[in-house]
Amino acid sequence: MPNCRPRRGPGARGERFAVVDPATGEAFDDAPDQQPDELDAVVGRAQEAWRGWRADDGARVTALLAAADAVEAAGPGLAPLLTREQGKPLTESYAEVARTAARLRHFARSAPGPLPITDGRPVRSELRWRPLGPVAAIVPWNFPLQLASAKFAPALAAGNTVVLKPSPFTPLATRLMVSVISAALPEDVLTVVTGREPLGARLACHPGIRHVTFTGSVATGRAVAEGAAASLARVTLELGGNDAAILLDDVDVDRIAERLFWAAFRNCGQVCMAVKRVYVPARLHSGVVEALAHYAQSAVVGAGLDRGTQLGPVNNAPQLARVEDRTAQTLSDGARAVTGGHRLDRPGYFFAPTILADVPPDSAVVTEEQFGPVLPVLPYGSLDEAVEAANDTRFGLGGSVWGTDLDRAEAVAGRLECGTAWINHHAELSLAQPFAGIKESGVGVAGGPWGLYGNLRPFVVHRPQEGRG
Ligand code: NAD
């Protein structure tokens, strides 16, 4: 049931909660533990700010472009803080900052003008896209800035105001980013709230919110949708994934192995559309396993702030426990860890990059998303068998096909049941393309004009033509 009523969270007004550095496992800072009952004032101010923000398209463009410049300039402060609380290598944190600025620029000028509608009758209809009102953006801990900007950039460009709630595991860089962006925008157009549950639950069902855009797990997505049903707010959900990569029998293993490895292990595997299962023709299986194990063994694992680190820690203790449990369960089902398979014996939330072979198809790391540095490699007999296995999941975010004959690879990609299918790479997205999962991977569309229209409603003025009224 949605948690719409509680007005108090686990703390008291004015309390703060600790933020942990996953590279050490130690708290290094804290953030305000805002209470659900504080949301009424925050959402009220977002409603007030909406009146001015929606009214002036030109001023919005100028402000959003200035916000993009401000974020970019703040990179040297933002990126290390993001790495400290999230764990990812510093270069990847800089990439998140750059992506945030790029999104603000991409969407700044994208608000659509009026559109005449004709159907041959003597009426003159005009479609004018209108913003929805305050938008709640609720995001997880794997890409705190990038996923937040994927929500607030189109929502703001469309003329809405935004209340953003980051994960309690990664509130700090988001707070800093919002303070930097807010300085370029009118007051209360973009606000951040931080706190432990039930803050997110309460935000999702707040009657002043007109669109809840959420990225996170399937279970929480369901709760958010139930909560938003209370006010009939629009809901966009970007949820989990269990993406398969199918290697074809003409694949050049030496050529693709490194790219395939990083498509699974970037950000320590904590990517909704990472490669999470690999299907390989039986005769190539041992060669692919060996090649992937080579990259797993040579990847530099360490604190994200250390120069040269390629793989950081898992972000938080509960996630590390999930990765450990799923891997241990799969090993006890008969799988073999070609490399890794265990936590690293050092402080922090480090798990050894793991390649699994002899994996039973119904084991935990195949049927559920591992969301960590663990990759099962499964052999297949016929291509039909591989496609069937790839599609045999409750998720439908992405998938990929790897081979030398691109036409054949594209034909196989067309058989995947998911939102995006890549050939010879995985998880590369352009700001201009739609991003939408099917099945339990999501509801609604992000990215490109489709992401913008997700934050607008059609308003039609219908009048007779001159002289006919
Ligand atoms: P999560 O669902 O636990 O939390 C996501 C956000 O929701 C956090 O801000 C959290 O504080 C908040 N939240 C928790 N309970 C809530 C409730 N009852 N109501 C409203 N908000 C609530 O997810 P996570 O563990 O932070 O992130 C990992 C998951 O996110 C993985 O399943 C991953 O696949 C998914 N993910 C999906 C995408 C995508 O675009 N599809 C991108 C990144 C991550």
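The values are calculated or read from the model by the stated rules, or taken from the named source; none is laboratory data. Because the structure is a prediction, the values reported are computed rather than measured. Note that we place each Cβ from the backbone using ideal geometry, even for glycine, and neighbour counts take in every protein chain shown. Ligands, DNA and RNA are excluded from the accessible area calculation, which covers all protein heavy atoms including side chains. Shrake-Rupley method; radii C 1.70, N 1.55, O 1.52, S 1.80 Å.
Tabulated data
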| quantity | calculated |
| --- | --- |
| So Leu247, is it away from the ligand (no atom under 16 Å from the Cβ), modelled with pLDDT of 95 or more, aliphatic (A, V, I, L, M) and open to solvent by 50 Å² or more (accessible area, probe 1.4 Å) | no |
| The stretch 142-158 residues that are among the small types (Gly, Ala, Ser) and modelled with pLDDT under 95, paired with ones that are open to solvent by 10 Å² or more (accessible area, probe 1.4 Å) and near the ligand (Cβ under 10 Å from one of its atoms) (beta carbon under 8 Å, 6 or more apart) | none |
| Qualifying residue in the stretch 312-335 (condition: of a type in the set (A, V, I, L, M, F, W, C), part of a loop (DSSP other than H, G, I, E, B) and more than 23 Å from Gly216 (Cα to Cα)) | yes |
| Test: Ala111 is modelled with pLDDT of 95 or more and among the aliphatic types (A, V, I, L, M) | no |
| Candidates Val192, Val235, filtered to the one that is open to solvent by 10 Å² or more (accessible area, probe 1.4 Å), more than 9 Å from the ligand (Cβ to nearest atom) and farther than 23 Å from Arg8 by Cα | Val235 |
| Failed item, numbered, when Pro186 is tested on (1) within 11 Å of the ligand (Cβ to nearest atom); (2) not in a helix (DSSP H, G or I) | (1) |
| Criterion: outside any loop (DSSP other than H, G, I, E, B) and under 24 Å from the mean Cα position of the chain (by Cα) - qualifying residue of Val271, Val278, Val289 | Val278 |
| Pairs, first open to solvent by less than 50 Å² (accessible area, probe 1.4 Å) in the stretch 209-227, second of a type in the set (Ser, Thr, Tyr) and within 7 Å of the ligand (Cβ to nearest atom), C-beta under 9 Å, six or more apart | Phe214/Thr220; Gly216/Ser167; Val218/Ser441; Gly221/Thr215 |
| Residue match in the stretch 400-419 (condition: within 18 Å of Cys272 (Cα to Cα) and either free of Cβ contacts under 8 Å to residues at least 24 places away in the same chain or not assigned by TED's automatic domain parsing to the domain that holds Asp254 (or both)) | yes |
| Qualifying residue in the stretch 45-60 (condition: of a type in the set (Lys, Arg), over 14 Å from Pro171 (Cα atoms) and free of Cβ contacts under 8 Å to residues at least 40 places away in the same chain) | yes |
